[in-house]
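Structure first, then comments.
The values are calculated or read from the model by the stated rules, or taken from the named source; none is laboratory data. For clarity, every value in this text was computed on a predicted model and none was experimentally measured. Please note: Cβ atoms are built from the backbone with ideal geometry, for glycine as well, and neighbour counts cover all protein chains shown. Calculation scope for accessible area: heavy atoms of the full protein, side chains included, ligands and nucleic acids excluded. Shrake-Rupley method; radii C 1.70, N 1.55, O 1.52, S 1.80 Å.
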Amino acid sequence: MKKILITGALGQIGSELTARLRNVYGTDRVIATDIRKLVNETTEAGPFELLDVTNGELLLQIANRYQVDTIIHLAAILSAKAEANPTLAWHLNMGGLVNALETAKELQCQFFTPSSIAAFGSTTPKKQTPQNTLMRPTTMYGINKVAGELLADYYHIRFGVDTRGLRFPGLISYLTQPGGGTTDYAVEIFEEAFNSGEYTCYLKKGTYLDMMYMPDALNAIIDLMEADPSTLKHRNSYNVTSMSFDPEEIAAEIRKHLPGFTLNYSVDPIRQRIADSWPDSIDPTTAKQEWGFKTSYDLPAMTVDMLEKLRKKRTAS
Ligand code: NAD
């Protein structure tokens, strides 16, 4: 039975993953940590500790105190914010990862951290990007992600740490705001369609990117962590995705439910440059073959669920 420490637990993934893991493994067996404290379900419903992951000593101390056997490392700065502050991104994304891996090595923990489609670059094949391919990212976030994948492999090969990872596409969810990535528009578009009936997109028409709905992302994390290690040949990290669309296609899907919805454009050159360096679509075949990766939501199913959940959220507030 797992006992899990999560870093960056108050973010877009962590806030939903913490609740999900507490349901699966038991409330007291999931220790949420973050550099900040909010009063919400993540901090109030189970164990919570303040933890800055750049403090390796404190990370080890907390993991040791709770006797955890699994570390899920989510604390990071995402693509757009990392471009705005590359040295901070290097310090947090790489320094925090080394500290988390060192703790996993010391306490012999299973270890998970997400990579991203940002690990690919403009010289990577753009369509149906394979699992193993050319990776020369040109963003600080992408450089952190490629280095992180290699480092996690290194800790497995050199020290026997059970490291596992996923290359996530943009994740879409309604509970917690995304933290400053290039795919955030795909969350904002739902909220604005719902609230004001119009949205101004910072990426241009025809910008195709991979996306996945949060429930499928949470299932993928749990399925990978539960997978028989003997089946895992590409531990860090597996391509996973469930859809690829451009702003026009998601807007058209939303219009099926909210017919008056208007989409405008005001392109942000920094985020457009980041998006242009990423694949249009990636190939998740290896994840399907090695540990049975699967998804339940395509664009139409996700749109129905997002709009229903946003409606419920508004009624509750
Ligand atoms: P987020 O920005 O929503 O959350 C990050 C959390 O880390 C925040 O709660 C923040 O307070 C915390 N944090 C920041 N600095 C910290 C520090 N020094 N110590 C401890 N905590 C700190 O990010 P997210 O979307 O939940 O992403 C989590 C992981 O998943 C990241 O590695 C990210 O690169 C990866 N990822 C996310 C997506 C996505 O679409 N959300 C896609 C691909 C990969």
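Taking the longest Cα principal axis of the chain as reference, the axis of helix 140-159 is set at about 30 degrees.
When averaged across all projection directions, what area in nm² does the alpha-carbon convex hull of segment 210-317 cover? List each step's numbers first, then the result.
Numbers: hull surface 36.5 nm².
Result: a mean projected hull area of 9.1 nm².
Residue separation times 0.36 nm, minus the C-alpha to C-alpha distance between Lys127 and Val39: what's the value? Display every interim value, and only then the final one.
On the way: separation 88, 0.36 × 88 = 31.68 nm, distance 4.27 nm.
Here the answer is 27.4 nm.
Across the options Pro47, Ala63, Asn93, the greatest Cα extent toward the positive end of the charge dipole of segment 7-161 (unit charges at beta carbon of Lys, Arg, Asp, Glu) belongs to Asn93.
Compared with the direct C-alpha span, the chain from Glu308 to Asn219 gains 30.0 nm at full extension, assuming 0.36 nm per residue. Against the longest alpha carbon principal axis of the chain, how many degrees, from 0 to 90 and to the nearest 10, is the axis of helix 56-65 turned? The answer is roughly 70 degrees.
Our summary gives segment 4-166 a relative contact order of 20 percent, counting only alpha carbon pairs under 8 angstrom and 6 or more residues apart. In the context of the full set of protein chains, residues of the chain present 42 Å² of accessible surface per residue (probe radius 1.4 Å, heavy atoms only).
Taking a sphere under 11 Å around the Cβ of Leu92 and counting the other residues whose Cβ falls inside, with K and R at +1 and D and E at -1, yields a net charge of 0. For the chain, averaging the sequence separation of C-alpha pairs within contact (under 8 Å, six or more residues apart) and dividing by the residue count gives a relative contact order of 18 percent.
Within segment 126-279, antiparallel bridges make up roughly 25 percent of the DSSP beta bridges whose residues both belong there. Converting phi to 3J(HN,Hα) with the Karplus coefficients 6.51, -1.76 and 1.60 and the offset θ = phi - 60°, segment 39-55 yields 9, 7, 4, 4, 8, 9, 7, x, x, 9, 10, 6, 8, 8, 5, 6, 9 Hz in sequence order, with x at every glycine or proline.
Given +1 on the Cβ of Lys and Arg, -1 on the Cβ of Asp and Glu, and no further charges, what dipole in debye does segment 66-148 carry about its Cα centre, rounded to the nearest 20? Numbers along the way, then the final one.
On the way: 6 positive and 4 negative charges, 91 e Å.
So the dipole magnitude of segment 66-148 works out to roughly 440 debye.
Given a 1.4 Å probe and every protein chain left where it sits, what share in percent of the accessible area of the chain is carbon and sulfur?
Working: 6910 of 13270 Å².
Within the chain, the accessible surface is 52 percent carbon and sulfur.
For segment 251-317, state which trypsin sites (Lys or Arg not before Pro) are in a DSSP loop and have at most 15 other beta carbons lying within 10 Å of their beta carbon.
Working: sites: Arg255, Lys256, Arg271, Arg273, Lys288, Lys294, Lys309, Arg311, Lys312, Lys313, Arg314; in loops: Lys256, Lys294.
When the trypsin sites (Lys or Arg not before Pro) of segment 251-317 are filtered for loop state and at most 15 Cβ neighbours within 10 Å, Lys256, Lys294 remain.
Across all C-alpha atoms in the chain, the radius of gyration and Dmax reach 18.8, 57 Å.
Compared with the rule-of-thumb size 2.2 N^0.38 Å for a compact globular protein, segment 4-166 has a Cα radius of gyration ratio of 1.04. From its DSSP helices (H runs of at least four residues, each -39,500 (n - 2.57)), the chain gives a residue-normalised ellipticity at 222 nm of -13000 deg cm²/dmol. Stokes-Einstein, applied to the Kirkwood radius of segment 166-266 over Cα pairs at a viscosity of 0.890 mPa s and 25 °C, places its translational diffusion at 164 µm² s⁻¹. Both numbers refer to the Cα atoms of segment 5-47; Rg and Dmax are 8.9, 25 Å. Could you pull out the trypsin sites (Lys or Arg not before Pro) across segment 16-80 that fall in loop regions by DSSP (anything but H, G, I, E, B) with no more than 15 other Cβ atoms inside 10 Å? When the trypsin sites (Lys or Arg not before Pro) of segment 16-80 are filtered for loop state and at most 15 Cβ neighbours within 10 Å, Arg36, Lys37 remain.
Translational diffusion of segment 61-119 was estimated from the Stokes-Einstein equation, with Rh taken as the Kirkwood radius over Cα pairs; at 37 °C and 0.692 mPa s the coefficient is 264 µm²/s. Pairs over the 20 Å Cα-Cα cut-off, from the set Lys127/Lys205; Lys81/Lys145; Lys127/Lys204; Lys105/Lys288; Lys127/Lys288: Lys105/Lys288.
Please give the net charge around Leu232, taking every other residue with its beta carbon less than 12 angstrom from that of Leu232, where Lys and Arg add +1 and Asp and Glu add -1. Could you put the intermediate results ahead of the total?
Details: positive: Arg164, Lys233, Arg235; negative: Asp153, Asp162, Asp223, Glu226, Asp228, Glu290.
For residues surrounding Leu232, the net value is -3.
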